[in-house]
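Following: one structure in structure tokens, then a few remarks.
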Amino acid sequence: MLDLSRLRALHAVAVHGSVAGAAAALGYTPSAVSQQIAKLERETRTTLLERRGRGVALTEEARHLASCAQELLALVERAETGLEERRGRPGGLLTVAAFSSAARGLLPGVLADLARRHPELDVRLSEVDPHLSVDLVVKGVTDLAVAHDWDSAPLPAPEGLEQVFLGSERCDLIVPADHPFAGRAVVRHDELGGHRWVCQPPGRVCHDWLVRTVRAAGFEPDVVHVAEENHTLVALVAAGLGIAVVPHLGTGPLPPGAVAVPLEPAPLRRLYALWRTGAARRPAIQEAVRTLQEHWARARTGDRASVPGPGAPAPQ
């Protein structure tokens, strides 16, 4: 008989592309994941991982086994969902993936409330890029994702997922306090050329929005500093090193030396919660989504906070 926990470890390696990534997702050490794979290789008398430089690659046999493991894990999820539904209260393990500013600015309160209200529920959070988190939910690695998109770059909505729109937030232009834009009532897109920018790395939604928007206005963006975190972007702006477009969530009050100026038209970032259709009846999912909605309503009251968005599902 194949051990389900070992199949889960192999499936996680297939999804994350490395033993270290699988370990982080499962809450294990890399050594523990390697041991699980080694035991599975002995049980199946099959080589599952091959060394490739400093990493590993799955063999053809491993990819087949990982695909079967995904189907088995889906069956287990349905069984667990049915049991939890019959009990009528949230319980068990619930894994959540959220992008960085939501993990900082929204999820702490949500997780604390869930822990207080439902002591039988074990919620575990991972900080993940929004587009990656959707794929993790599809593949059964994560139960629930909090993801975002921008009006110019809709979030993919794969088959087999359900989602709820949490709300929208406006993204402001952040400039140094002595910048010519500081104190302006509004800045138009066609004024964004000829400035030094600080931005997230290429491939991130914020970076892609900036490049498309500035090029559409007839300019090439001069990105001089690149950083992952919004707090870092704001700190660079406050030091007078460039300007940036930053959402409110997770950033909080601006430091001295940085000023927020509205853009026209205002770029909107839309937030969603996503989960697998097979787990939709699970009380833990329902309660987590309800708590997310409750806390998002509170988050909208802050300064530079979100503006109302369309009360509709994510674009298909």
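Values for this structure:
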quantity	calculated
Principal-axis tilt of helix 107-117 within the chain, Cα atoms, nearest 10 degrees	50 degrees
Estimated distance in nm for a label pair at Ser31 and Glu120, the labels positioned 7 Å out from Cα along Cα-to-Cβ	3.6 nm
Fraction of beta bridges assigned by DSSP in the chain that are antiparallel (%, nearest 5)	65 percent
Unit charges on C-beta of K, R, D, E only; dipole of the chain, Debye	520 debye
HN-Hα J in Hz across region 59-68 - Karplus 6.51, -1.76, 1.60, θ = phi - 60°, x for Gly and Pro	6, 4, 5, 5, 5, 5, 5, 5, 5, 5
Cα convex hull of the chain, projected area averaged across orientations, nm²	18.2 nm²
Extension gain from Arg87 to Thr47, taking 0.36 nm per residue of separation minus the Cα-Cα distance	10.2 nm
On Cα atoms only, tilt of 205-216 relative to the major axis of the chain in degrees	40 degrees
Förster-model FRET efficiency, 35 Å R0, Leu241 and Arg298, C-beta, rounded to 0.05	0.60
Volume of the Cα convex hull of region 143-262, divided per residue and given in Å³	119 Å³
Distance from region 105-131 to region 233-262 (C-alpha centre basis), Å	27 Å
Contour excess over end-to-end distance, with Cα ends at Arg63 and Ala38 and 0.36 nm allotted per residue	7.5 nm
Antiparallel DSSP beta bridges within region 166-281, percent to nearest 5	65 percent
Reciprocal of mean inverse Cα separation for region 77-134 (Kirkwood radius, Å)	12.5 Å
Max mean-square fluctuation residue, GNM over the chain, Cα-Cα springs under 10 Å, options Leu94, Leu83, Leu136	Leu83
Projected label distance in nm at Glu127 and Ala177, using a 7 Å step from Cα toward the beta-carbon	2.8 nm
Cα-based radius of gyration of region 1-130 once divided by 2.2 N^0.38 Å, which approximates compact folds	1.20
Relative pair counts by distance (%), Cα atoms of region 160-216, 10 Å bins	16, 43, 28, 10, 3, 0
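Rule-based calculations on the coordinates, nothing more; no lab input. Just so you know, these numbers come straight off a predicted model, no measurement behind them. Cβ sites come from the backbone with ideal geometry, for glycine too, and all protein chains shown count toward neighbours.
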